[in-house]
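Heads up, the thing below is written out as structure tokens.
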Amino acid sequence: MSKVTIKDKTFRTFIPEADILERVKAVAEQINTDLAGKEPLFLAVLNGSFVFAADLMRYITIPSEISFVKLASYQGIASTGVIKEVIGLNEDITNRHVVIVEDIVDTGATMRRMIETLGTRGPASIDICTLLLKPGKLSVPLDIKYVAMEIPNDFIVGYGLDYEQQGRNLRDIYTLVEE
């Protein structure tokens, strides 16, 4: 088991890249089946989902589009917990089948608010596709149709997820080593 140090924290390998890619492929195959003939629009939420979104799209075989959005919910260095704006959504999503691509869902509050915001734009459907779900932290009811993996409430980095903006480039997912 390998370890990495990022800033002042040590992390150990939690999910190897091969296991991640196997689960990403399985989720893509489910989406290919479920949304065949619907030409979905994937909305990848930056920054964390960019690696997952890239790998997911390599396995998507149905006609589709992808766009990237960023959620404005921060004030200073802390999240307000309220999305003020979905930045970068230039596409008309009226009557489109939208798939939100997220790196991790923990409490679900951000996803719920994003669904509410997108719902005002008249999509045919909105589904959530997340690499990771922390069911132990989920505090709002969400119908998350596509989940690559469920994990415990550990703090993790790698495969797009960061610790103070570092570690996104790691190929595996690492968990914090308790000291």
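Within the option set 116, 178, being in a helix (DSSP H, G or I) and charged (D, E, K, R) holds for one residue only, 116. Taking the criterion of being open to solvent by 80 Å² or more (accessible area, probe 1.4 Å) and closer than 28 Å to residue 165 by Cβ, the residues of the stretch 23-63 that qualify are 23, 50, 58.
Tell me, yes or no, whether the stretch 159-166 has at least one residue that is outside any loop (DSSP other than H, G, I, E, B) and either within 16 Å of the chain's Cα centre (by Cα) or not polar (S, T, N, Q) (or both). So far as the stretch 159-166 goes, yes, one or more of its residues are outside any loop (DSSP other than H, G, I, E, B) and either within 16 Å of the chain's Cα centre (by Cα) or not polar (S, T, N, Q) (or both). Within the stretch 82-97, residues that are of a type outside the set (S, T, N, Q) and at pLDDT 85 or above reach partners that are in a loop (DSSP other than H, G, I, E, B) and exposed (fewer than 12 other Cβ atoms within 10 Å of the Cβ) with beta carbons closer than 9 Å, at six or more positions or on different chains, in the pairs 92/122; 93/122; 96/122. Screening residue 130 against (1) crowded, with 17+ Cβ neighbours inside 10 Å; (2) closer than 18 Å to residue 113 by Cα; (3) touching a helix residue (DSSP H, G or I) at 6+ places or on another chain (Cβ under 7 Å); (4) of a type in the set (Val, Ile, Thr) leaves a single unmet condition, (3).
The values are calculated or read from the model by the stated rules, or taken from the named source; none is laboratory data. Since we're looking at a predicted model, the values are computed, not measured. Using ideal geometry, Cβ is built from the backbone for each residue, glycine included, and neighbour counts are taken over all protein chains shown. All accessible areas refer to the heavy atoms of the entire protein, side chains included, with ligands and DNA or RNA removed. Shrake-Rupley method; radii C 1.70, N 1.55, O 1.52, S 1.80 Å.
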